Amino acid sequence: MIVVDKQSCDQCATCVAVCPVDAILLDERLTIDSGKCIGCGRCARVCPFGALSEVCGQPAGAGKE
Amino acid sequence: MAARQFDIAVIGGGPCGIVAATYAAGGGRKVCLIDRKPSPGHPVRCGEAIGLKGFASTVELKPEWIQSKISYMKLVSPSGITVTVPNSYEGYVVDRERMEKDLTTDAVARGAEFIADTSIVSVSSRNGDGYECRSRDSVIHAQCVILAEGVESRLARNLGWSTSLSLRDIHSCAFARIAHDGVEPGTCVFYLGVKRAPGGYVWVFHRGGNTANVGLGVLGESCQKGMPRTLLEDFIREKFPGARVSDLHCGGVPMGRWIRPLVRGGVMLAGDAAHMMNCVSGAGIAYALYSGKIAGTVAAQSFVNGKCRPEMLGSYQDQWASFYGKQQDRSHAIKEVMVGFPDVFLDDVARSATKNCARKMSILSIFVKAFYKRPLLLLKVVRLLR
Ligand SMILES: Cc1cc2nc3c(=O)[nH]c(=O)nc-3n(C[C@H](O)[C@H](O)[C@H](O)COP(=O)(O)OP(=O)(O)OC[C@H]3O[C@@H](n4cnc5c(N)ncnc54)[C@H](O)[C@@H]3O)c2cc1C
Ligand code: SF4
Ligand code: SF4
């Protein structure tokens, strides 16, 4: 499960560029579709500002923030 | 929701999309240029360096965009050996926000409609009758779509392209503007080495007065959470202590091969969205301007009796492939080898360059000397360049 720290996110879309399953949408803000996410962790690794974190054991939907 | 009708919809109002819209509208079509941002060019996620050649045959460089003329290139090796060479081609650091604002004004003057503050969430085919582009609260129908959405290249995935970048093919970047008396006028400085920027480099580009754009890129494979920002802050603290820092932003640079095919049906991919990039220097503005120009021109020419003929869009890829496309293929091959360069090798290159007086030597002969000690690496390069 991936969560976004809205304060740190600069809306640069680097995470969107590497997501293999198109689970990240940058619209007015960044949202992650936890139904699509396969938990590969690529987005969290490349986010230049470290705004994404992998969180274990969250209930479904908690990553939509 | 009533759909608005256009001949050509350009999605993404960066340098690529703006120029595409200008040429498409100049070709007599009804064109819209859509961007998520409220106004063009802001925030800037770029070092803003471009050679005069990069403007050639696309847009005219306006003197008021120029922030600094680049006279020197400086390379600092991992152990600190410095090689300075006079810049062999005419290059500038430009005010990209101003440039994009002016270019957008030109696009509108040519007849394109600029739709700001609108994020397109999906693009779909209307079964033979063009395409539907949807945002949260609007719908646009167009016969032909130019996707110039930058590195995220997400809408392209709606239409069958696979544009997700592998971690070997992306630089994760952080960047800022600084004001400090240590900034060297008229100079672009590159710092190499695994400690400063694994798989990438740090750059400092003079931007007029005592200011500079400072940034760094880390290869996706070597990146860890938040690394680019931390390394950038460390670098500025070390080299420019007490500097005034503003406009801290981040971004991604595609460093792979350009996407093939560039056209599917009535949709064209251009600029960063098509992963068009000089993979050694990380320069993409010139490629974005050029691909935008040919995409916009070819799109306008593909209309016969008011209908887009998709089979006529193919010449876009041919034109791209025979010019910058070829150049990118070479730069990509070189990048693939450079990723494996150990720091000691880069130090060797720098050492032989200083010993042999870089002014009189070409960059190529410097590399040949350094490769002399590592024939296996040379073989690898030759194989890739063939
Ligand atoms: C840190 C950094 C430094 C760089 N330094 C240099 C340099 O010094 N020299 C150089 O030549 N190149 C440099 N580059 C590369 C250069 O910035 C890009 O190649 C160039 O901006 C590509 O232009 P583009 O128009 O294709 O895409 P972009 O400039 O990224 O524009 C894409 C636009 O599309 C919009 N958009 C995206 N999706 C949607 C959507 N769904 N709906 C509506 N709008 C959308 C975005 O808001 C954006 O405005 C740098 C890149 C980075 C990240
Ligand atoms: S990579 Fe990081 S800063 Fe950029 S949009 Fe994604 S979460 Fe935000
Ligand atoms: S963890 Fe992987 S699949 Fe999930 S959002 Fe990030 S990149 Fe996409």
Output for region A:11-43, where each listed residue is under 12 Å from B:Leu167 (Cβ atoms) and at the interface with chain B (Cβ under 7 Å from one of its Cβ atoms) | A:Thr14, A:Ala17, A:Val18, A:Cys19, A:Pro20, A:Arg42
Out of all the residues in region B:162-177, is one or more more than 29 Å from B:Val298 (Cα to Cα) and in a loop (DSSP other than H, G, I, E, B)?
-> yes
Output the residues belonging to region B:302-334 that are out of contact with any helix residue (DSSP H, G or I) (no Cβ under 9 Å at 6 or more places or on another chain), among the basic types (Lys, Arg) and at pLDDT below 90.
-> none
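Considering only residues that are touching a residue at least 60 places away in the same chain (Cβ under 8 Å), within 14 Å of chain A (Cβ to nearest Cβ) and part of a loop (DSSP other than H, G, I, E, B), look in region B:114-130 and name the one that is nearest to ligand 3 (Cβ to nearest atom). Talk me through it step by step, then tell me what you get.
To start, the set of residues in region B:114-130 that are touching a residue at least 60 places away in the same chain (Cβ under 8 Å) comprises B:114-120, B:123, B:125, B:130.
In the following step, the residues that additionally are within 14 Å of chain A (Cβ to nearest Cβ) were identified as B:116-120, B:123.
Within this subset, residues satisfying the condition of being part of a loop (DSSP other than H, G, I, E, B) are B:116-120.
Working: B:Ala116: 28, B:Asp117: 26, B:Thr118: 24, B:Ser119: 19, B:Ile120: 20 Å.
Filtering first and then ranking leaves B:Ser119.
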All conditions in (1) in a strand (DSSP E or B); (2) basic (Lys, Arg); (3) crowded, with 18+ Cβ neighbours inside 10 Å are true of B:Lys74 except (3)
Options B:Val218, B:Val214, B:Val183; residue that is within 21 Å of B:Val337 (Cβ to Cβ) and either surrounded by fewer than 24 Cβ atoms within 10 Å (Cβ to Cβ) or outside the structural domain of B:Lys37 (by TED's automatic domain parsing) (or both) | B:Val218
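Of everything in region A:46-55, what is touching a helix residue (DSSP H, G or I) at 6+ places or on another chain (Cβ under 7 Å) and farther than 12 Å from A:Lys6 by Cα? Give them in sequence order. Let's see the steps before the verdict.
First, the residues of region A:46-55 that are touching a helix residue (DSSP H, G or I) at 6+ places or on another chain (Cβ under 7 Å): A:46-50, A:52-54.
Once the filter is applied, which keeps residues that are touching a helix residue (DSSP H, G or I) at 6+ places or on another chain (Cβ under 7 Å) and farther than 12 Å from A:Lys6 by Cα, region A:46-55 yields A:Val46, A:Cys47, A:Pro48, A:Glu54.
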For residues in region B:149-161 being small (Gly, Ala, Ser) and within 9 Å of chain A (Cβ to nearest Cβ), which is nearest to B:Gly14 (Cα to Cα)?
-> B:Gly150
Would you mind finding the one in B:Val151, B:Val145 that is in contact with a strand residue (DSSP E or B) (Cβ under 6 Å, 6 or more places away or on another chain), β-branched (Val, Ile, Thr), farther than 25 Å from B:Pro86 by Cβ and in a helix (DSSP H, G or I)?
-> B:Val151
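Mind counting the residues in region B:163-179 that are within 11 Å of chain A (Cβ to nearest Cβ) and touching a residue at least 60 places away in the same chain (Cβ under 8 Å)? Walk me through it before giving the result.
Our first condition is that a residue be within 11 Å of chain A (Cβ to nearest Cβ); within region B:163-179, this holds for B:163-175.
Within this subset, residues satisfying the condition of being touching a residue at least 60 places away in the same chain (Cβ under 8 Å) are B:163, B:165-166, B:168-175.
Number of matching residues: 11.
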Restricting region A:11-32 to residues that are over 18 Å from B:Gly12 (Cβ atoms) and surrounded by 15 or more Cβ atoms within 10 Å (Cβ to Cβ), the one farthest from the chain's Cα centre (by Cα) turns out to be A:Val18
Restricting attention to helices (runs of 4 or more DSSP H) lying wholly within region B:247-366, give those where 3 or more residues are more than 12 Å from ligand 1 (Cβ to nearest atom), more than 30 Å from B:Asp102 (Cα to Cα) and not assigned by TED's automatic domain parsing to the domain that holds B:Gly215.
-> B:326-338, B:343-355
Only one residue in B:Gly200, B:Gly208 is modelled with pLDDT under 95, more than 19 Å from A:Cys9 (Cβ to Cβ) and not aliphatic (A, V, I, L, M). Which one?
-> B:Gly200
Being charged (D, E, K, R) and surrounded by fewer than 24 Cβ atoms within 10 Å (Cβ to Cβ) is the filter here, so list the residues in region B:256-313 that pass it.
-> B:Arg257, B:Arg260, B:Arg264, B:Lys293, B:Lys307, B:Arg309, B:Glu311
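Hey, among the residues in region B:50-67 that are assigned to a loop (DSSP other than H, G, I, E, B) and either touching a residue at least 40 places away in the same chain (Cβ under 8 Å) or in the same structural domain as B:Glu100 (by TED's automatic domain parsing) (or both), which one's farthest from ligand 2 (Cβ to nearest atom)?
B:Ser57
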Residue pairs meeting the criteria (Cβ under 6 Å; at least 6 apart or on separate chains; first under 19 Å from B:Pro198 (Cβ atoms) and more than 9 Å from ligand 2 (Cβ to nearest atom), in region A:27-49; second of a type outside the set (D, E, K, R) and part of a loop (DSSP other than H, G, I, E, B)) | A:Arg45/B:Cys223
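The values are calculated or read from the model by the stated rules, or taken from the named source; none is laboratory data. Just so we're clear, the structure is a prediction, and the values are computed from it rather than from any experiment. Because the Cβ atoms are built from the backbone with ideal geometry, glycine has one as well, and the counts that use them run over all protein chains shown.
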